[in-house]
Amino acid sequence: MSAAAKPGSVKAEVTVIGGGLVGLAVARGLQDQGLNVAVVDEGDIALRASRGNFGLVWVQGKGDTCPEYARLSRLSATLWQDFANGLAEHTGIDVQLSQIGGLYICLTEQELEQRRIMLEAMRDAQQGDYPFEVLDHDALKAKVPEIGPTVAGATHSPMDGHVNPLLLMRAMVQRFTDRNGQLITTGPVTKIESNPGRFVVHSGDQVIESSRVVLAAGLGNRELAPQVGLSAPVSPNRGQVLIAERVKHFLDYPTGHVRQTGEGTIQCGDSKEDVGLDTGTTTDVMATIAHRAITMFPLLAKVRLIRSWGALRVMTPDGYPIYQQSEQYPGAFLVTCHSGVTLAAAHAGPIAEWIASGVADPSLSLETFHADRF
Amino acid sequence: MPTDSNFKRLPANAAAEVVIWVEGKPLKARAGESVAAAVLAAGLGPTRTTPVSASPRAPYCMMGVCFECLMEIDGQENTQGCMTTVAEGMQVQFQRGIRNVPEVEDNA
């Protein structure tokens, strides 16, 4: 276990700034490479997408204008089962990974047709290797008998799945600290002193010195990146989430809008708003989410909502991640994305290998994800 | 009915008597109190079993937060007993495991 943080100085081989799913996944991968890792985190006050998200391990439709991102998402999904097994083995926590495929439900024929066209183009971009099928209403009803009578259909892809994001977060913290990771929760990082191969990170009364630093601070990366000679033009995008009471299982498949957890809880979401750093909820958006959920699954009309929240996605201008090492200060790496759950297995695998070795697997095409594109 | 309860009503809060039915048996409650309070005062319970492990539970926070007091009240499963005021003739069953979802046809 890590000791409680005391004022003073800490040394590590790598300092990861940000203890959400992105930072912890990278930290896990670096530990697996035999490195001594410190994670600096804001603690409970953080704007924590890792605690507000929808828990999807999702591939279909991601990267429709960026085949490299489509490939990375799919690679991570294929690595996810081993990633989850590793967490269960080390922590005893089952994160409820289910990869039986996902449904993107379309309410209208027009929406379904647009989606079919998009996914076919993505399949062409991947030389035909992009499995999905278009389900009309009857085919969808055969998979999910509770589907609403007015729903046009859905696209189904065997590449998709979901996990319990709260169990995932807990398991990743536990695994990190159990393996002697130093989790330092002294508040926001106020300053990074950068020199090639030597970085001094200041957080509260702590000073952490290391030869490499990874910026995984979500929205905080915007302010931090220039201090290591990088740029992170990320902005918040709010999603509101509704939680309903636990009911007997009726929905095995994750969908883009509604899912049911292993315990029977219903989660509804997929709103998008630009409202700055406001994590609140609004009646009109919640009503829209609830109405759509009931249209998809009429039985939800009689299921009670018990909780709601707003959480902030970490979005770049094109929605795709940034992976980049600083040229000015080699040893400083930027990792930011809005799909910290889906990409967790890739972050713990090939992305951490890139950070540990300084050399990226060429098949990842990481140059595509440099911030220079903006 | 069991009467061995750690909870005592304050004499200052005397109120009219109301009879509710818990698991098919009559229970004298006080007007204005919650179902959870009435059940605890009578020493009844456990009042639910959990959906995942069937672990027995009873009302706990008494302020609508913890959801330990879920019962079936007047036919509505998963109702928070601490947020529901007793009423004459109210029918209360303990919540056994997960709530059954209503059939789709019920909404047609």
Which value in deg cm²/dmol, rounded to the nearest 500, describes the helix-derived mean residue ellipticity at 222 nm for the protein assembly as shown, given -39,500 (n - 2.57) per DSSP H run of n ≥ 4 and division by the residue count?
-7000 deg cm²/dmol
Calculate the translational D of segment A:220-341 in whole µm² s⁻¹ from Stokes-Einstein, where the hydrodynamic radius comes from the Kirkwood formula applied to all Cα pairs, the temperature is 4 °C and the viscosity 1.567 mPa s.
79
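Quick check: net charge around A:GLN31, other residues with Cβ under 9 Å of its Cβ, Lys/Arg +1 and Asp/Glu -1? Could you put the intermediate results ahead of the total?
Working: positive: A:ARG28, A:ARG175, A:ARG179; negative: A:ASP32.
Charge balance in the 9 Å sphere: +2.
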For B:LYS25, counting only aspartates and glutamates whose alpha-carbon sits under 15 Å away and dropping same-chain residues fewer than eight positions off, the answer is B:GLU72, B:ASP74, B:GLU88
Please count, across chain A, the pairs of lysine residues with Cα atoms under 18 Å apart that sit 8 or more places apart or on different chains.
4
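For B:GLU23, B:GLU72, what ranking results if the residue with the fewest other Cβ atoms within 10 Å of its Cβ goes first? Intermediate values should be presented prior to the final figure.
Values: B:GLU23 14, B:GLU72 18.
With the fewest neighbours first, B:GLU23, B:GLU72 line up as B:GLU23, B:GLU72.
Could you give the size of the charge dipole of segment A:143-292 about its Cα centre, using +1 on the Cβ of each K and R and -1 on the Cβ of each D and E, expressed in debye and rounded to the nearest 20? Before the final figure, lay out each step's value.
Numbers: 14 positive and 15 negative charges, 71 e Å.
With Lys and Arg at +1 and Asp and Glu at -1, about 340 debye.
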For segment A:132-228, what is one quarter of the convex hull surface built on the Cα atoms, given in nm²?
10.8
With just the Cα atoms of segment A:102-157, tell me how far they stretch along each of the three principal axes, in Å, largest first.
35, 20, 13
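Sort A:MET286, B:MET83, A:MET159 so that the residue with the fewest other Cβ atoms within 10 Å of its own Cβ comes first and the one with the most comes last.
Numbers: A:MET286 18, B:MET83 14, A:MET159 21.
Listing A:MET286, B:MET83, A:MET159 from fewest to most nearby Cβ atoms yields B:MET83, A:MET286, A:MET159.
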Tell me, how many Å apart are the Cα centres for segment A:1-78 and for segment A:141-177?
21
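Let me check I've understood the local charge: for B:ALA37, count other residues with C-beta under 9 angstrom from its C-beta, Lys and Arg +1, Asp and Glu -1. What total comes out?
Values: positive: B:ARG9, B:ARG30; negative: B:GLU33.
So the surrounding residues net to +1.
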HN-Hα J in Hz across segment B:22-39 - Karplus 6.51, -1.76, 1.60, θ = phi - 60°, x for Gly and Pro
10, 6, x, 10, x, 9, 7, 10, 9, 3, x, 8, 8, 4, 4, 5, 4, 5
Can you tell which of A:ILE243, A:ILE100, A:ILE45 shows the greatest fluctuation in a Gaussian network model of chain A with Cα springs below 10 Å?
A:ILE45
Take the Cα gyration tensor of the protein assembly as shown, multiply each eigenvalue by 5, square-root it, and list the three semi-axes largest first, rounded to whole angstrom.
45, 30, 18
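When DSSP assigns beta bridges and you keep just the ones with both residues in chain A, what percent turn out antiparallel, to the nearest 5?
Percent antiparallel among DSSP bridges in chain A is about 70.
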Assigning unit charges at the beta carbon (Lys, Arg +1; Asp, Glu -1) and nothing else, what dipole magnitude in debye, to the nearest 20, does segment A:235-315 show about its Cα centre?
240
For A:GLY101, residues with placed amide H under 5 Å, excluding near neighbours:
A:ASP160
Residues with amide H under 5 Å from that of B:CYS66, placed H, sequence gap 5 or more:
B:CYS61
Taking the dipole about the Cα centre of chain A, with the C-beta of Lys and Arg at +1 and of Asp and Glu at -1, give me whichever of A:LEU103, A:LEU334, A:CYS268 is farthest to the positive side.
A:CYS268
Using amide H atoms built in the peptide plane, which far-off residues or other-chain residues are under 5 Å from A:LEU47 H to H?
none
Here segment A:226-241 yields Karplus 3J(HN,Hα) values (6.51, -1.76, 1.60; θ = phi - 60°; whole Hz; Gly and Pro given as x) of x, 6, 10, x, 10, 10, 9, x, 9, 9, x, 9, 7, x, 9, 10
Give me the dipole magnitude in Debye, nearest 20, for chain A about the Cα centre, with unit charges on the beta carbon: positive for Lys and Arg, negative for Asp and Glu.
840
Please build a GNM for chain A, connecting alpha carbons under 10 Å apart, and tell me which residue among A:THR155, A:THR265, A:THR282 fluctuates the most.
A:THR282
Residue by residue through segment A:17-31, which ³J(HN,Hα) values in whole Hz follow from phi under the Karplus form 6.51 cos²θ - 1.76 cosθ + 1.60 (θ = phi - 60°), with glycine and proline marked x?
9, x, x, x, 5, 5, x, 5, 5, 4, 4, 4, x, 5, 4
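Could you pull out the longest piece of chain A with no exposed loop GluC sites (Glu not before Pro) in it, calling a site exposed if DSSP puts it outside H, G, I, E, B and it has at most 16 other Cβ atoms within 10 Å? Before the final figure, lay out the partial values.
Details: sites that count: A:GLU13, A:GLU146, A:GLU263, A:GLU327.
Within chain A, the longest run free of exposed GluC sites (Glu not before Pro) spans A:14-145.
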In whole angstrom, note down how far apart the Cα centers of segment B:59-90 and segment A:257-277 are.
26
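All of the numbers you see were taken from the coordinates with simple rules; none came from a lab. Keep in mind it's a predicted model, so treat the numbers as computed, not measured. Because the Cβ atoms are built from the backbone with ideal geometry, glycine has one as well, and the counts that use them run over all protein chains shown.
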